[in-house]
Every structure is written in structure tokens, then in C-alpha cells.
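Read the structure below first, then the notes.
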Amino acid sequence: MKTIDNYNFKGKKVIVRVDFNVPLNDQFKITDDTRIRAAIPTIQKLRSEGAAVILMSHLGRPKNGPEDKFSLKHLVKTLSEKLDTAVQFADDCIGDEASKKAAALKAGEVLLLENLRFYKEETKGDEAFAKKLAELADVYVNDAFGTAHRAHASTAIIAKFFPNDKMFGYVMGNELRSINKVLKEGEKPFTAILGGAKVSGKIEIINNLLDKVDNLIIGGGMMFTFIKAKGGKTGNSLVEDDLIETAKDAMLKAEQLGVNLYIPEDAVIADKFDNEANQKCRPSNDIPDGWMGLDIGVEASETFRKVIEGSATILWNGPMGVFEMDNFAEGTLDVAKAIARATEKGAYSLVGGGDSVAAINKYHLQDKVSYVSTGGGAMLEYIEGKTLPGVAAIEK
Ligand code: AMP
């Protein structure tokens with residue numbers, strides 16, 4: 001892997017694509033600085049090796065050019081504190097000011113460029129725009145895993161202007177290493193746990209994983225499409241009727257490949273979609289009309305626990321139930337705890353995708369699993385088996 005560990009940065013200007021797409025409140029205060037913190041080791045490494053560091057990122061989704069609420073200037077103070085140096089700022093990511101400030105930047109200094117998405121050319125992957133960014137520096141580092149699945153000017157196209165001087169930062173490196181460790185080098189037994197609302201959007205993941213896993217656990221709303229496909233009675237549970245055939249195909253493929261497919265045998269059902277609803281535990285294939293499954297049941301939790309604790313490699317994406325409501329969070333909590341215990345016993349565990357990351361953080365178990373991916377959509381596309389443009393552009 002081409003990383004910043006094997007390069008002489010002395011006297012070089014290095015442009016780094018970071019993911020500083022952080023949430024800001026009405027007063028432009030950062031409400032979650034995880035992404036900024038994640039980028040600090042890469043920036044400090046470059047500075048300590050004598051590089052002048054130029055940072056570029058997007059923030060939010062500006063529609064028509066510059067908008068104050070999407071300005072990266074709101075990040076300068078926090079970033080300066082975290083890096084323990086006065087970070088400079090350029091009001092435009094290209095043009096005279098950016099060029100002058102980049103040219104004057106000395107070893108160890110840091111310049112943050114204004115939001116890339118103030119230019120439509122960024123998301124369009126415009127080559128002339130990428131070239132203007134490239135002209136600011138001698139070396140290109142991509143450390144924005146969250147946008148690696150997009151062929152944008154700053155995430156992929158720019159790489160061609162640095163044929164011998166392009167590499168991954170630590171965030172990218174760690175994400176790729178951990179996903180590859182699971183998908184390509186994972187010790188057996190390998191268990192994948194998939195949950196979340198719907199089967200749609202997860203079909204490619206299921207198909208790609210079936211070739212690799214020993215056990216596939218399905219929970220969340222998506223379980224009911226499988227249960228209906230098996231002839232079960234699902235009441236008012238979330239079912240995607242147009243995906244019943246797809247679910248049948250997946251079950252057949254699992255059988256042919258000798259993958260143990262675990263569909264919850266019971267479910268916590270409710271008479272409305274509400275934390276205060278009446279609830280009971282029922283066999284998941286016998287849900288009365290007017291009732292809907294909102295969590296996996298106690299027997300399913302116990303089955304899953306045993307499978308998870310007997311695994312050497314674990315991938316978890318998606319909650320087992322509507323964990324945002326405390327009365328339907330038990331199944332998700334049980335799975336999170338089982339993954340933590342398996343990890344303690346030596347398994348490698350990767351948790352990724354928005355809601356399972358939110359769940360693991362909610363239960364304060366993020367330090368008890370091997371790796372929590374910040375990648376969201378990028379990680380999901382990677383486990384679907386797709387080539388990520390941001391990764392390919394560096395590796396090419
Ligand atoms: P996804 O974005 O597809 O990973 O779905 C995450 C969402 O699925 C969470 O907000 C959960 O509340 C929701 N979810 C999980 N289980 C169920 C269920 N049984 N019925 C409806 N929604 C569910």
C-alpha cells in the first residue's frame with residue numbers, strides 16, 4: 001500500500017484531501033469533531049517530516065457557489081488548537097490567493113483551502129479544476145475515506161497529476177487495511193451480521209459476502225422479507241414484496257455454498273411503531289395482523305450470541321431492531337455485547353455503516369471492537385465488491 005510512511009517529505013508542498021465534513025450548529029460551532037480528530041495523525045506526520053501542508057475538503061452540500069454556512073473558515077480555530085499551530089486560510093480553493101499562500105507556505109505550516117464544493121467542477125470530476133488544485137503542490141495525499149467511492153476532482157481525478165507522488169494518509173490506510181483484513185485475510189469462522197431497515201441496498205452486500213462467510217446473520221427490518229419468502233406470516237412488519245424472489249435466491253445460494261444463514265426464530269412485536277406500544281415476543285413466522293416486528297427475540301439473541309462468540313472474524317452492519325427506541329434496542333445491544341466478548345477472546349471485529357456505528361457508540365463499546373469504520377457509504381460499496389475510484393486512483 002502506498003502510504004505516507006515511505007516517502008521523503010522534506011521541503012515538499014503536500015496537498016491532502018481530508019474529510020472535514022463535520023456537523024455545525026447555528027453558531028457555526030462544531031458539534032462532532034470526530035472527522036477532524038481522525039485526520040490529525042496524518043497532518044502531524046507530514047509536518048514533522050518537513051512538509052508544508054495544504055488541506056482541502058468539502059463541507060455540506062452547497063448548491064450554488066459560496067455560502068457562509070458551508071465555509072471551512074469555521075473550522076480554523078478548532079483545527080489550529082488541535083494541531084497546536086496557527087492554521088492559515090484561503091478564501092477560495094483555487095485562484096490567486098490560494099496560489100500565493102501555497103507558494104509562501106513553509107515547512108511545518110498548514111493552509112486550509114475553502115470548501116471544494118463551492119465549485120460544481122468538484123463533484124463533476126472536472127479535470128481542469130483538478131489541475132488547478134494539483135498546481136498548488138508537489139505531492140498528493142488522499143485521507144478522505146468517506147468520499148473514496150466518488151470520482152470527484154479532489155478525490156480521484158487530481159491523482160493523475162502526481163503519477164509518482166500520490167499516496168494514502170493514515171485514515172485511508174487504516175480503513176482499507178481493516179476491511180481487507182476481514183474480506184480477504186479473515187480467519188475462519190467468519191460471521192457477517194446484517195441488519196437495518198431494508199433488503200434493498202443490501203442485496204449486493206449479501207451476494208458478495210455469501211462467497212466469503214461461514215455464517216450470515218440477518219436481523220432488523222430486512223429479516224421479514226426473508227421470513228415471508230419462507231412462507232411465514234409477517235403481520236404488519238416491514239416487508240419488501242418485490243424482493244421476495246431475491247431473498248429466495250440468496251437463501252438458495254447460501255445453501256449451495258454451505259453458508260449457515262441465520263434468520264431470527266423469534267421477534268419482539270408491537271401493535272404500533274412507538275416505544276410505548278404494547279409488545280410481546282412471538283415466533284417470527286407467526287405475527288398477527290396489526291402487529292409488527294421491531295426487534296429480534298430472546299431466542300434469536302441467544303442463537304446469535306453463540307455464533308458470534310464462536311467466530312474468529314466478524315463484520316457487523318446495521319441494527320437488529322429499531323434501537324433508537326429503548327424498548328426495541330435489546331437485540332442490537334445483545335449483538336454489540338457478543339461482538340465485544342468475541343473480540344476480547346481474540347476475534348477481529350469490524351463495525352461499519354452509519355447505524356451500527358451509532359449503536360456501538362451509544363452502548364460505549366467502540367473501544368471493545370477491533371475497528372469502527374467511519375466510511376459509511378464508501379465502506380458499504382467496498383464490501384459490495386466495488387472498486388472505489390479514490391482508491392483506484394492512488395493504486396493505478
Ligand atoms: P439502514 O439505514 O438500512 O441500516 O437502517 C437502519 C434503520 O433500520 C434504523 O433506523 C432502525 O430503526 C431501522 N430498523 C431496524 N429494525 C427495524 C424493524 N424491524 N422495522 C423497522 N425498522 C427497523
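Structure data summary
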read-out	value
DSSP bridge pairs, the chain: antiparallel proportion in percent, nearest 5	20 percent
Whole-Å semi-axes of the chain's equivalent ellipsoid (Cα gyration tensor)	43, 22, 19
Separation of the E265 and E127 label points, Cα + 7 Å toward Cβ, nm	6.1 nm
Å² of accessible area per residue within the stretch 329-393, as computed with a 1.4 Å probe and no ligands counted	39 Å²
Accessible surface of the chain, 1.4 Å probe, proportion on carbon and sulfur as whole %	47 percent
Rounded accessible area per residue of the stretch 4-168, 1.4 Å, Å²	44 Å²
At R0 = 25 Å, FRET efficiency that the Cβ-Cβ distance of A392 and T34 yields, to 0.05	0.45
Distance violations [Cα-Cα > 32 Å] among K120/K184; K101/K124; K160/K184; K100/K386	K120/K184; K100/K386
Fraction of antiparallel bridges per DSSP, the stretch 176-383 only, in percent to nearest 5	30 percent
The stretch 4-168 pair-distance distribution - Cα-Cα, 5 Å bins, rounded %	2, 9, 20, 24, 23, 15, 6, 1, 0
Solvent exposure of the stretch 197-321 as accessible area per residue, Å², 1.4 Å probe	42 Å²
Dipole magnitude of the chain about its Cα centre (Cβ charges: Lys, Arg +1; Asp, Glu -1), debye to nearest 20	1280 debye
Using a Förster distance of 41 Å, the FRET efficiency for C281-R61 (Cβ separation, nearest 0.05)	0.45
Axial C-alpha extent at least 15 Å, average Kyte-Doolittle at least 0.0 - helices from the chain (DSSP)	170-183
Heavy-atom accessible area ranking, 1.4 Å probe, most first, across K132, K345, K396	K396, K345, K132
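The values are calculated or read from the model by the stated rules, or taken from the named source; none is laboratory data. Just so it is clear, the structure is predicted and the values come from calculations on it, not from any experiment. Reconstructed Cβ throughout: ideal geometry from the backbone, glycine too, with neighbour counts over all protein chains shown. The protein model used for the area step is the full one, side chains on, heavy atoms only, and it has no ligands, DNA or RNA in it. Shrake-Rupley method; radii C 1.70, N 1.55, O 1.52, S 1.80 Å.
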